[in-house]
Amino acid sequence: MLGAFADGGTALDIDGKAVDTGISMESVALEFTKSAEFAKMYGVNVSNKEMLTKIYDYALHRLPDNDGFAWWLDVLDNKKASLGTVLYGFSESKENYAQVIGSMQHGIDYIAYQS
């Protein structure tokens, strides 16, 4: 999810199992924001401005546009949605889909994690 790579396949395993049991991808995104993998990628105790800048970079591979950045910053600063919901919004955006369609249009290889 958004620049995350599964550690030994575990993230994909968890996402797949969660969805199979009816947990929404938005809930999976929220749980991801609480993970060590997320903290390593995005930092700990960073400001909403820093977080959004990193999300734009990882998800959309660009600097934020002023209007979009201001909108998402208002969402986070005024607690209109969780960070997980914001992350999910980026992952489901048309811009992100356009960037990943080439690598996903024929499916992805999945090898279950063996602990």
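Read the figures in this text as sums done on the coordinates, not as results from a lab. Being a predicted model, the structure only gives us computed values, none of them experimental. FYI the Cβ positions are ideal-geometry reconstructions off the backbone, even for glycines, and counts take in every protein chain you see.
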Once you have the Cα-Cα distance between ASN45 and GLU26, take 0.36 nm times their residue separation minus that, and quote the gain in nm to one decimal. 4.7 nm
Sequence order, the range 29-38: Karplus ³J(HN,Hα) from phi using 6.51 cos²θ - 1.76 cosθ + 1.60, θ = phi - 60°, Hz rounded, Gly and Pro as x, gives 4, 4, 5, 4, 5, 9, 8, 5, 4, 5
Quickly rank 78-88, 57-67 as a protection proxy: mean count of other C-beta atoms within 10 Å, highest first. 78-88, 57-67
Which of MET51, MET25 has the fewest Cβ neighbours within 10 Å, and the rest in rising order: MET25, MET51
Rh by Kirkwood over Cα pairs, then Stokes-Einstein D for the range 21-101 at 0.890 mPa s and 25 °C, µm²/s: 188
What list of ³J(HN,Hα) couplings, whole Hz, do you get for the range 58-71 from phi and the Karplus terms 6.51, -1.76, 1.60, once you set θ to phi - 60° and write x for glycine and proline? 5, 7, 10, 6, 7, 6, x, 7, 4, 5, x, 4, 4, 5
Kindly put THR53, THR33 in sequence by how many other C-beta atoms sit within 10 Å of each C-beta, fewest to most. THR53, THR33
